[in-house]
Ligand SMILES: [Zn+2]
Ligand SMILES: [Zn+2]
């Protein structure tokens with residue numbers, strides 16, 4: 001099968017690899033019908049994910065059809081349409097039992113797919129702990145509608161959930177990339193008084209203005225003044241930092257009112273300065289992290305009910321065989337790209353998969 005592979009820093013390559021096999025009784029093999037490229041894939045490519053293993057198939061955002069399951073898998077069966085969670089988690093350790101699945105203590109726990117083990121920019125993927133990592137896609141939900149559930153939409157949903165948003169709040173979201181817009185969609189469900197999106201790209205700012213007219217849009221240069229003018233208590237009540245650019249961490253706490261919650265969703269390339277003397281007395285609460293992706297079933301229900309729609313984010317679509325071109329467009333932000341979908345293995349192969357005991 002074709003698998004887009006991390007060779008070395010700066011180099012991915014489409015290679016021929018064997019179809020993955022069940023290795024553990026809790027594994028499933030999923031035929032990938034639709035995948036996508038995430039900015040974290042680019043972080044691997046550029047060497048800023050030290051734990052990424054060279055030789056692995058990249059890609060951690062995908063949907064597909066269950067092809068085979070191990071003996072101990074009970075939640076899914078061959079033929080089921082499923083979303084695949086970016087995170088692998090056991091569901092039983094101290095952290096998993098509290099919903100902190102990103103910190104699952106299993107050796108394979110956390111972000112493993114497409115980083116430490118083979119991922120989904122391929123025709124098939126092996127998913128460990130399939131009962132936890134796979135969720136049924138409702139019949140009325142398309143692959144496109146479900147594509148972002150396991151990663152960027154899970155991230156936006158988690159970020160909105162932990163930010164303690166109330167209906168009186170002015171919420172500032174910094175960054176309107178794919179995760180920023182997913183965060184916006186989930187913040188909208190909380191019905192805060194005002195939402196302000198700060199985005200430096202005029203193209204992306206326009207996208208937000210056109211699609212979500214109830215949202216206020218500003219740019220980094222004018223952000224603080226704009227937030228002060230459009231909030232009731234000297235800054236945003238809640239700030240979600242989803243940009244991860246040079247100066248956006250500072251912007252996030254600077255635009256927050258005293259006692260605000262500042263949620264850092266972004267993955268930075270460099271360390272950030274926490275100038276405590278400058279923020280003394282502001283009494284901010286910072287929440288940081290990587291997604292605890294354990295709400296996928298609830299997210300799929302919201303999609304089925306028409307309350308979340310991420311399909312406008314999928315601006316481009318390529319077959320797996322043309323993934324190089326898809327990366328070129330995504331990486332260089334060409335042609336108004338937000339998300340690229342990679343069409344995987346849409347047609348059931350005629351050959352028979354080898355039997356494993
Ligand atoms: Zn990702
Ligand atoms: Zn665990």
Next on the checklist: Cβ contacts < 6 Å: first residue closer than 25 Å to residue 182 by Cα, restricted to the range 46-74; second residue assigned to a strand (DSSP E or B) and within 16 Å of ligand 2 (Cβ to nearest atom), any location; separation 6+ or different chain. Result?
Outcome noted: 60/113
Checklist entry - How do the pairs read when you match residues in the range 100-111 that are closer than 16 Å to residue 159 by Cβ and in contact (Cβ under 8 Å) with a residue 12 or more places away in the chain with residues anywhere that are away from ligand 1 (no atom under 16 Å from the Cβ) and not in a loop (DSSP other than H, G, I, E, B), using Cβ under 8 Å and keeping only pairs 6 or more apart or on different chains? => result 101/95; 101/132; 102/95
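Which members of the range 56-72 meet the condition of being more than 10 Å from residue 114 (Cα to Cα) and not in a strand (DSSP E or B)? Step through it out loud before you land on a result.
First, the residues of the range 56-72 that are more than 10 Å from residue 114 (Cα to Cα): 62-72.
Those that are more than 10 Å from residue 114 (Cα to Cα) and not in a strand (DSSP E or B): 70, 71, 72.
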Item to check | Criterion: over 25 Å from residue 224 (Cα atoms), more than 14 Å from ligand 1 (Cβ to nearest atom) and in contact with a strand residue (DSSP E or B) (Cβ under 9 Å, 6 or more places away or on another chain) - qualifying residue of 149, 171, 141, 197 | outcome: 141
Next on the checklist: Here is a check on your reading of the model: is residue 227 in contact (Cβ under 8 Å) with a residue 40 or more places away in the chain and assigned to a helix (DSSP H, G or I)?
Outcome noted: yes
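Take residue 161 and decide whether it is under 18 Å from the mean Cα position of the chain (by Cα), more than 14 Å from ligand 1 (Cβ to nearest atom), closer than 24 Å to residue 39 by Cβ and not in a loop (DSSP other than H, G, I, E, B).
Numbers: under 18 Å from the mean Cα position of the chain (by Cα): yes; more than 14 Å from ligand 1 (Cβ to nearest atom): yes; closer than 24 Å to residue 39 by Cβ: yes; not in a loop (DSSP other than H, G, I, E, B): yes.
So residue 161 passes the test.
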Item to check | Residues of the range 237-293 satisfying the condition of being over 25 Å from residue 96 (Cα atoms), within 19 Å of the chain's Cα centre (by Cα) and surrounded by fewer than 20 Cβ atoms within 10 Å (Cβ to Cβ) | outcome: 245, 268, 269
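Restricting to the range 171-193, name every residue that is under 18 Å from residue 257 (Cβ atoms) and surrounded by fewer than 24 Cβ atoms within 10 Å (Cβ to Cβ).
190, 192, 193
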Item to check | Considering residues of the range 98-137 that are part of a loop (DSSP other than H, G, I, E, B), within 16 Å of ligand 1 (Cβ to nearest atom) and touching a strand residue (DSSP E or B) at 6+ places or on another chain (Cβ under 7 Å) only, the residue farthest from residue 151 (Cα to Cα) | outcome: 118
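Considering only residues that are part of a loop (DSSP other than H, G, I, E, B) and either touching a residue at least 12 places away in the same chain (Cβ under 8 Å) or farther than 19 Å from residue 220 by Cβ (or both), which ones fall in the range 252-274?
255, 265, 266, 267, 268, 269, 271, 272, 273, 274
Quick note: the coordinates plus some simple rules give every number you see, no bench work behind them. Everything numeric in this text was worked out from a predicted model, so none of it was measured. Glycine also receives a Cβ, built like all others from the backbone with ideal geometry; neighbour counts cover every protein chain displayed.
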